[in-house]
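Chemist: First the structure, then my questions, so here it is.
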Amino acid sequence: MAVTLDTLQATVQAPAGQEVKLFSAEGSCAAWRFLMVEAPVPLELRLRWTGRLPNTRARLTGRSLQVCLHASQVEAWVTNLGSEAAEVTAGAALSAERVTQNVLDVAMATQGSITVPPFALSARLDAPPLDNPATTRLELLDGAGAVIAAVALGQTVPLGRAARVRTVCPAAHRVVFVLSL
């Protein structure tokens, strides 16, 4: 659907595991634009925009995505990484003054542990709806492998001195790290 980038509001139904076009929009001029995309499930956002350089591309993953682009034209596609269809919404605003956070999203097919990436400040465990979410957790491990903290599904925890994170989850899931970059 064609919409103006200056007043962007777009919504699509995204079937599980499929890529759909979210929007194609053109603005009145090249400017810094703050783009927000949200869904109740994890998703992959693929962007292509024209601003100072033509045909610039990016790929992001998460449930709530925010990115600042210098653009006059933007195209966006989303892939629903969840197990059920979901509604995806997008909006844009002219702005260069918004605070954003960089994240690293690590997909895991089974439970296990991974090293905390450099510059990571906090972590969160995301998973599709589960039959018994009370048994699902994210554990922080110190350098000796001892558990120093544990949080439930969807809760964010500061990493502090954690060397690794371990997931206890019966389904495919994602660990989302907030980075200080």
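The values are calculated or read from the model by the stated rules, or taken from the named source; none is laboratory data. None of these values were measured; they are calculated from a predicted model. Reconstructed Cβ throughout: ideal geometry from the backbone, glycine too, with neighbour counts over all protein chains shown.
Chemist: Could you figure out which of (1) of a type in the set (S, T, N, Q); (2) under 30 Å from Gly160 (Cβ atoms); (3) modelled with pLDDT of 90 or more isn't true of Ser64?
Modeler: (3)
Chemist: For Pro129, indicate whether it is free of Cβ contacts under 8 Å to residues at least 24 places away in the same chain, within 19 Å of Thr110 (Cβ to Cβ) and assigned by TED's automatic domain parsing to the domain that holds Ile114.
Modeler: no
Chemist: Could you say whether any residue in segment 166-177 is closer than 30 Å to Ala25 by Cα and either touching an Asp or Glu at 6+ places or on another chain (Cβ under 6 Å) or hydrophobic (A, V, I, L, M, F, W, C) (or both)?
Modeler: Yes, there is a match, as at least one residue in segment 166-177 is closer than 30 Å to Ala25 by Cα and either touching an Asp or Glu at 6+ places or on another chain (Cβ under 6 Å) or hydrophobic (A, V, I, L, M, F, W, C) (or both).
Chemist: Would you check which residues across segment 132-172 are in contact (Cβ under 8 Å) with a residue 40 or more places away in the chain, part of a loop (DSSP other than H, G, I, E, B) and more than 23 Å from Asn80 (Cα to Cα) and list them?
Modeler: Across segment 132-172, the qualifying residues are Leu159, Ala162, Ala163.
Chemist: Then there is this: Search segment 124-139 for residues being more than 11 Å from Cys169 (Cβ to Cβ) and modelled with pLDDT under 85, and hand back the single one that is surrounded by the most Cβ atoms within 10 Å (Cβ to Cβ).
Modeler: Pro129
Chemist: May I pose another question? All but one of (1) touching a Cys at 6+ places or on another chain (Cβ under 6 Å); (2) of a type outside the set (D, E, K, R); (3) in contact (Cβ under 8 Å) with a residue 40 or more places away in the chain hold for Pro117; which doesn't?
Modeler: Of the numbered conditions (1) touching a Cys at 6+ places or on another chain (Cβ under 6 Å); (2) of a type outside the set (D, E, K, R); (3) in contact (Cβ under 8 Å) with a residue 40 or more places away in the chain, the odd one out for Pro117 is (1).
Each row is one residue, and each column tells you yes or no for (1) closer than 25 Å to Ala107 by Cβ; (2) among the aliphatic types (A, V, I, L, M).
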position: Cys29; (1), (2): no, no
position: Thr50; (1), (2): no, no
position: Arg63; (1), (2): yes, no
position: Ser72; (1), (2): no, no
position: Ala90; (1), (2): yes, yes
